[in-house]
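Report on the structure given below.
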Amino acid sequence: MPEGLEEGGLALTDNQRGAAYMTVSMAGFAIEDVFVKAAAQSLPLGQVLLTIGLLGMLVFAAMAARQGEPVLPAAFLSRPMLIRSGFEITGRLFYGLAITLTALSTTSAILQATPLVVVAGAALVFGERVSLFRWLAVLVGFVGVLVILRPGADFSALSLLAVVGLLGFAGRDLATRAAPKGLSNRQLGALGFAMLAVAGAILLAVSGGARLPDLADLARLAAGTVFGMAGYHALTYAMRTGEVSAVTPFRYTRLLFAMALAMALFGERPDLATWIGAALVVGSGVFALTRK
C-alpha cells in the first residue's frame, strides 16, 4: 500500500486516508472469508487456518527481511504486543469457526458490532475525544445491526462464536493502536499471521483429521492467503492513520461485501430487514467521517 493516498492531485486528510484503507481492508477480508469457507468444505478448518497463517507469516517475514527489518524484533514481547497477539488468536479462531458453521451474511452482520467496542475502547483506554455526532452515528449503526439480527428471534448458540470473534478483533485493533511505533506493517503482518497459524494449530489439535490437499484446495488456500494479507496490510495502515473513532466505522463496509459474495456464491438471500440494517450501518459510518 502507498504511504499516502491522493486523488486528482489533492491530498486526502488522515481520516479520509484511514477510511479508504479500512474499506480496502474489509473487501480483502470478505473475499478471504469466502475462500476459507470454501476450503473448509473439504479440509479441516484448523488445517485451513494453519496453512494460511504459515503462508502469510512467511511472506510478510520475507518482505520485512528484504527491507532490513528484524523478523523477530524484541518489541514482539512488549506488553501491548502480547495482548494484541492474544486477542488476535481469539478473534481468528472463533470467527473462523463462525463463518464455517453459520451463514456468511449472518456472521458478517454480527461482526459489525466491532466498531462500537473499538470506539468505546478508544475513548476509555486512549482518552480520545469522541464527539456527540460520532457517538450518535455509532449508535445508529448499532441500531442497524439490531435490525439485521432481530433480537427477539431465536438464535442458534453458534452465533456466540461470532460474538467472541468480534471481541477478539476489537481488542486486536485497539492494541494495534498502542503498538510500538518502531514496528513496521510488515512486521505486524508477520506476527498477525503467525497468530492465525497458532489458532489453526489449536483447532487442528482438538479436531484432527488433517489430509493432503489437492490442487483445488491449494488454489483456495493460496487465494485466501493473498486476500487475507491484502486486508491485513490495509487494516494496519487504517488503525495507524487518522482518529480511531473516524476510521473504525468503515468496518461496516465489510457487511456489504460479505452480503454480495454470500448471495453470489452461496445462494444466501438477505431479506428486507437485512438490507435496511446494512443501509443504516454504512450510512452511519459515512456520517461519522464527515462530521466532527
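Since every read-out is calculated from the coordinates, none of them should be taken as a lab result. Everything numeric here is computed off the predicted structure, so don't read it as measured data. Please note: Cβ atoms are built from the backbone with ideal geometry, for glycine as well, and neighbour counts cover all protein chains shown.
Quick notes
- Shape call, region 1-111: gyration tensor on alpha carbons, a/c limit 1.5: oblate
- 3J(HN,Hα) along region 164-181: 5, x, 5, 5, x, 5, 5, x, 4, 5, 5, 5, 4, 4, 8, 5, x, 5 Hz, from the Karplus curve 6.51 cos²θ - 1.76 cosθ + 1.60 with θ = phi - 60°, whole Hz, x for Gly and Pro.
- Trypsin sites (Lys or Arg not before Pro) within region 124-217: DSSP coil, no more than 15 neighbouring Cβ in 10 Å: ARG129, LYS181, ARG211
- Spatial offset of region 111-187 relative to region 213-292 amounts to 14 Å, using the alpha carbon center of each.
- A Stokes-Einstein calculation at 20 °C with viscosity 1.002 mPa s, built on the Kirkwood radius of region 56-171 over Cα pairs, returns a diffusion coefficient of 131 µm²/s.
- Annotation: average projected area of region 139-247 is 9.8 square nanometres, based on the convex hull of Cα atoms across all directions.
- Applying the Karplus relation 6.51 cos²θ - 1.76 cosθ + 1.60 with θ = phi - 60° to region 37-47 yields 3J(HN,Hα) values of 4, 5, 5, 6, 6, 10, 10, x, 4, x, 5 Hz, where x marks Gly and Pro.
- Length-normalised contact order of the chain in % [C-alpha pairs under 8 Å, at least 6 apart]: 43 percent
- With the convex hull of the Cα atoms taken as the outline of region 199-292, the averaged projected area works out to 8.9 nm².
- Volume per residue of the C-alpha convex hull in region 14-290, rounded to whole Å³: 122 Å³
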